[in-house]
Amino acid sequence: MKRHDTPVVWWLVLLAAAGAFALTMGTRQTMGFFLSPLNTATGLGVGSISLAFAFGQLWWGLTQPFAGAVADRVGAGRVLLVGVLLVALGTFLTPFMTTTWGLIFAIGVLAAGGAGMAGPSVLMAATARLIPAERRGVATGVVNAGGSFGQFLMAPLAAALTASLGWMGALQALGVIVLLALPAAWVLRGPGPAAAPGAATPAVALPAREAIRRALRTPSYLLLSAGFFVCGFHVAFLATHLPGVVAACGLPAPVGAWALGVIGLFNIIGSLAMGWAVGRWRMKSLLSLVYAARAVAVLVFLLAPKTEAVLLVFAAVMGLTFLSTVPPTVGLVAKFFGTGNMAMLFGLVMLSHQVGGFLGAWLGGQVFEATGNYDVVWYIDIVLAVAAALVHLPIKESAPVRLQPA
């Protein structure tokens, strides 16, 4: 897409990126709702099915650096096109899988890999290149809120489709709905290394190996990646096992779908607020605050009575912090290195996020099968959140490292 320094084009770009993220992220984050029906239909056990979900978390992260590197060179449009098609195919095929390996292929390879190609590393980088630098914080907040709106919309929709079509028909319907993201590939097409009008940092793309080498020698980048690992653990555990937490509390199953929807709804607020805040406060301080808030919220939830009202309030608080880490993380990567290799370098940070996601999704299933509850994982989540709040403090936000050709 050609760049024009006009608000109309900016909002078209944001609508395309946010809409694509809403459909792909909303579908992925709703998959936890189908864990119990899959277990009933296949008899594989929560632990085995959780392995498929956990592999999906890991594969989603593994695909992003590579998808980002390709998008940095050839533009986001072609990468998004393939990604959306893979998400649709994997979601549509999931009901036909009756083995652990089959579920790993459909959920973990096809759907998760496609979502990685149409995920935040590609979408955020495309937005950063097409939007002026002074509007980048708000832009990433809007795109991130799109993913949240998708979860808010898709979770109740999945429950409604299941009631009318059955869980198999609901999954297939969601696979078809994802195809609505295809027009975004046309809007966001264009040369990868192009710079946005008014961009404050040069969009010079280095060879991938050289860019990675310089990034891995930047201590602040490594600390940022370590914190994002904790975010992945937390988010994947909630997305995969919150319906199971609801069931373990003795609450009706639809409450699980509504809890996921509430997380998505309040994450819209959190994402937009964070997008506004990154232009006014230090991004590392905002990240420390978010992780500390998560630790306090989880501790209060563990001590509180498990009623529907308590669960939905907890979901709302989690929603405010759920993906609000993304805008300041994107902002720091862009501030450190510019936008030339941003999709790949943010993709590497997302890989760290998804390694944490793998552990969160997998460990939740293992702990539940061993103990009959999720308490151990909740306490691990608290400890990790406190560690993440502390690890961001040494980041040197005022001394970015520019990637320039030798």
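What follows draws every value from the coordinates through simple rules; no lab data is involved. Predicted model, so just to flag it, every value in this text is computed and none were measured. FYI the Cβ positions are ideal-geometry reconstructions off the backbone, even for glycines, and counts take in every protein chain you see.
Placing unit charges on each Cβ (+1 for Lys and Arg, -1 for Asp and Glu) gives the chain a dipole about its Cα centre, and among Leu80, Ala297, Ile263 the Cα reaching farthest toward its positive end belongs to Leu80.
Under a GNM of the chain (C-alpha, springs under 10 Å), which listed residue has the highest mean-square fluctuation: Ile380, Ile49, Ile104? Greatest mean-square fluctuation among the candidates belongs to Ile380. Farthest towards the positive end of the charge dipole of the chain, among the residues Ala389, Val246, Leu348, is the Cα of Leu348, using unit charges on the Cβ of Lys, Arg, Asp and Glu. Could you tell me how far the Cα centroid of the range 53-112 sits from the Cα centroid of the range 313-355, in Å? About 19 Å separates the Cα centre of the range 313-355 from the one of the range 53-112. Summed over all non-identical Cα pairs, the Kirkwood treatment of the range 73-113 gives a radius of 10.6 Å. As a proxy for reagent exposure, ranking Tyr291, Tyr379 by other Cβ atoms within 10 Å from fewest up yields Tyr379, Tyr291.
From Cα pairs below 8 angstrom and at least 6 apart in sequence, can you work out the relative contact order of the range 38-113, rounded to a whole percent?
Across the range 38-113, relative contact order equals 47 percent.
In a reduced charge model with +1 at each Lys and Arg Cβ and -1 at each Asp and Glu Cβ, the chain shows a dipole moment near 1260 debye about its Cα centre. Label positions at Met168 and Val296, each projected 7 Å from the Cα along the C-beta direction, are separated by 4.9 nm. Figure legend: label point modelled 7 angstrom from the Cα of Thr371 along Cα→Cβ; residues of the range 284-308 with amide N under 13 Å from it are 302.
In terms of surrounding Cβ atoms within a 10 Å radius of their Cβ, Thr40, Thr240, Thr329 rank from fewest to most as Thr40, Thr240, Thr329. Between Leu130, Gly32, Ala163, the Cα set farthest toward the positive side of the dipole of the chain (charges on each charged residue's Cβ, about the Cα centre) is that of Leu130. With 0.36 nm allotted per residue and the present C-alpha distance subtracted, the Arg282-Val310 stretch has 6.8 nm of extension available.
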